[in-house]
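A quick write-up on the structure given underneath.
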Amino acid sequence: MLKAWVDPFIAACPAMPSAAAITRFLCGMATPLHTQIKARQLSGFGKMEAYPFQMIAEQISQLYPHVVKD
């Protein structure tokens with residue numbers, strides 16, 4: 001399910017986002033990048049807000065091992 005939410009976010013970004021940026025997107029934490037690409041309009045924005053940030057970050061790292069970790 002994460003992939004279905006994250007892939008449109010990655011596609012909307014001007015460059016490959018970091019694992020932390022993806023995690024912030026899923027947790028609903030607004031950033032300048034999210035404002036720039038209108039991330040709130042994407043279906044995955046904030047979908048994982050009830051879960052710990054670190055847990056989501058670990059899942060993103062497993063799903064997207066090529067993504068830069070910050």
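The values are calculated or read from the model by the stated rules, or taken from the named source; none is laboratory data. Small disclaimer: the values here were computed from a predicted structure and weren't measured. Every residue, glycine as well, gets a Cβ built from its backbone with ideal geometry; the counts of neighbours run over all protein chains shown.
Search the stretch 27-58 for residues being under 12 Å from the mean Cα position of the chain (by Cα) and among the aromatic types (F, W, Y), and hand back the single one that is farthest from K3 (Cα to Cα).
Ranking the qualifying residues of the stretch 27-58, first place goes to F53.
Surrounded by fewer than 11 Cβ atoms within 10 Å (Cβ to Cβ), under 15 Å from Y64 (Cα atoms) and modelled with pLDDT of 95 or more: which single residue out of A11, A50 fits that description? Even if it seems obvious, please write down each step before you answer.
Numbers: A50 fails: under 15 Å from Y64 (Cα atoms).
Matching residue, one of A11, A50: A11.
Can you name the number of the only condition in (1) surrounded by 12 or more Cβ atoms within 10 Å (Cβ to Cβ); (2) modelled with pLDDT of 95 or more that A4 fails?
Here A4 meets the rest and fails (1).
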